[in-house]
Amino acid sequence: MKIRSITSFVDPQTDIIDAQLEPLSRFSRELRTAIETEGFEVESTRLATSPFPGWLSGSLEEQIRQLQNIEAAVKSLGWDYLSVGPASPDKLDNYQLIPDFLAATQNVFFGGIISDQRAVFPSAVKACAKVIQQASTLSPDGFANLRFAALANVSAHAPFFPAAYHAAGEQAAFSLAMECADVAVKVFSSAASLEQARSQFLFSLESAADRLTPICTKIAQRHQVNFKGFDFSPAPFPEDWCSLGKAFELLGLERIGSAGSLAAAAFIADALDDGKWQKVGFNGLMLAVMEDSVLARRAADGDLSVKDLLLYSAVCGTGLDTIPLPGDASVDELAAILLDLASLATRLGKPLTGRLMPIPGKKVSDKTDFEFGYFANSRVMKTDGQKVSAPLMSAAEIALKPRKV
């Protein structure tokens with residue numbers, strides 16, 4: 001287990017941004033040192049802001065310049081990546097800016113809200129689909145979409161990117177994104193029963209939280225930064241020893257994607273629900289296809305579909321993540337996928353994200369060929385070529401009440 005990210009949060013005021021960032025960077029560095037001294041590896045430190053429409057201003061060129069200045073400042077102060085939050089449905093024009101922002105930056109992440117706790121917004125769904133299609137053409141491999149996600153019912157302070165953003169008006173804060181799919185693999189490979197698998201999995205995660213919480217609390221108080229909690233979504237690394245797909249299969253599946261996969265998803269998600277730590281973000285199943293070696297293989301073999309992944313999200317996944325799609329996937333096809341994702345998130349009262357990656361020139365079943373250390377290559381997955389029309393897609397919003405049990 002390691003920490004994928006110490007994610008700090010700030011509500012920027014562009015006229016005094018340096019004065020805001022410098023003390024927060026000192027906090028981040030001190031916390032990283034203390035956590036590493038405790039024996040945990042920290043992969044990255046990251047910064048997330050309140051949603052960019054609230055603090056970027058001026059013409060497109062002026063906003064790009066502001067973004068580039070903040071990106072440079074963030075890098076110089078030691079953070080690895082920056083997320084500037086989501087566009088929101090009340091100002092649809094802001095979605096249209098995101099492809100230009102992606103093209104003008106290198107390590108800045110963005111989002112677009114498609115639903116919240118009370119409704120789905122079809123116009124925002126369509127706007128995000130357009131962002132995804134346009135962003136896919138910014139490089140020959142479609143890689144820019146790694147830095148964009150559609151956000152469905154996602155609250156502030158989730159530490160995983162691209163979902164991370166701060167709440168406007170709040171003081172500085174931080175949370176921890178944990179990479180712990182390896183714990184599930186280790187525990188499930190040796191457990192003699194489901195009960196033992198569950199108890200040992202939770203013991204490992206809770207023990208880590210117990211060691212980290214006093215460190216976080218002490219340093220947060222010293223720097224007057226709010227600690228929001230942990231996201232123990234079992235994030236993978238693209239090798240079998242840290243594959244959530246592998247962990248699924250160790251529970252008795254022939255392969256993830258086959259019958260029984262939903263039961264495995266429910267079992268792991270239910271265990272996470274019982275975890276006794278301060279929770280923020282998802283704390284769900286991170287089934288990121290190209291970040292997980294086993295998921296990438298199963299998708300390449302045709303055993304795992306987009307609909308399968310959406311189904312597993314129904315019992316507490318984190319959504320559709322790093323999904324390789326045909327380069328000619330239309331806005332309508334992408335919007336149809338996102339509409340289901342948004343509706344699932346709102347109806348079940350849970351956060352989900354959609355990070356879809358159409359790859360230029362690639363068709364269904366073509367091999368992907370990313371040269372990226374955090375990806376396991378797979379094959380392009382199909383969208384089913386379907387679209388949604390009126391009255392669903394023409395509604396101003398689709399009001400949905402979270403289901404009460």
*Taking only protein heavy atoms into account and a 1.4 Å probe, give the accessible area per residue of the range 279-405 in Å².*
43 Å²
*Semi-axes of the equivalent ellipsoid of the range 98-201: what are they in whole Å, largest first, if each equals the square root of 5 times a C-alpha gyration tensor eigenvalue?*
33, 19, 16
*Which cross-chain or sequence-distant (5 or more) residues have an amide H under 5 Å from the amide H of residue 287, H modelled 1.01 Å from N in plane?*
318, 319
*Output ³J(HN,Hα) for the range 159-174: one whole-Hz value per residue in order, computed from phi by the Karplus curve 6.51 cos²θ - 1.76 cosθ + 1.60 with θ = phi - 60°, and x for Gly and Pro.*
x, 7, 8, x, 6, 5, 7, 9, 8, 4, x, 8, 6, 4, 8, 7
*asked:* Can you tell me how the range 290-360 classifies by the Cα gyration tensor, rounded, prolate or oblate, using a/c under 1.5 as the rounded cut?
replied: oblate
*For the range 125-133, Karplus couplings with θ = phi - 60° (6.51, -1.76, 1.60), whole Hz, Gly/Pro x*: 4, 5, 5, 5, 4, 5, 4, 4, 5
_So if I average 1/r over every pair of distinct C-alpha atoms in the range 242-287 and take the inverse, what Kirkwood radius in Å does that give?_
11.3 Å
*Cα-Cα over 22 Å: which of 279/350; 130/387; 126/404; 130/404; 228/401?*
126/404; 130/404; 228/401
*Could you state the accessible area per residue of the range 13-58 in Å², with a 1.4 Å probe and every protein chain left in place?*
45 Å²
*Just the Kirkwood number for the chain, please: inverse of mean 1/r across all distinct Cα pairs, in Å, one decimal.*
21.2 Å
*Give the range of the longest stretch in the chain that excludes all GluC sites (Glu not before Pro) found in loop regions by DSSP and having at most 12 other beta-carbon atoms within 10 Å.*
42-253
_trypsin sites (Lys or Arg not before Pro) within the range 214-290: DSSP coil, no more than 15 neighbouring Cβ in 10 Å_ = 276
*Each residue of the range 238-247 in turn: what ³J(HN,Hα) in whole Hz from Karplus with 6.51, -1.76, 1.60 and θ = phi - 60°, glycine and Pro shown as x?*
x, 9, 4, 5, 10, 10, 5, x, 4, 4
*Expressed in whole Å with the largest first, what are the equivalent ellipsoid semi-axes of the range 328-394 derived from the C-alpha gyration tensor as the square root of 5 times each eigenvalue?*
26, 17, 8
*Of the heavy-atom accessible surface of the range 306-380 (probe 1.4 angstrom), what whole percent is carbon and sulfur?*
49 percent
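The values are calculated or read from the model by the stated rules, or taken from the named source; none is laboratory data. Keep in mind the model is a prediction, meaning the values are calculated, not measured. Here Cβ is always computed from backbone atoms with ideal geometry, including for glycine, and neighbour counts include all displayed protein chains. For accessibility, only protein heavy atoms count, side chains too; no ligands or nucleic acids. Shrake-Rupley method; radii C 1.70, N 1.55, O 1.52, S 1.80 Å.
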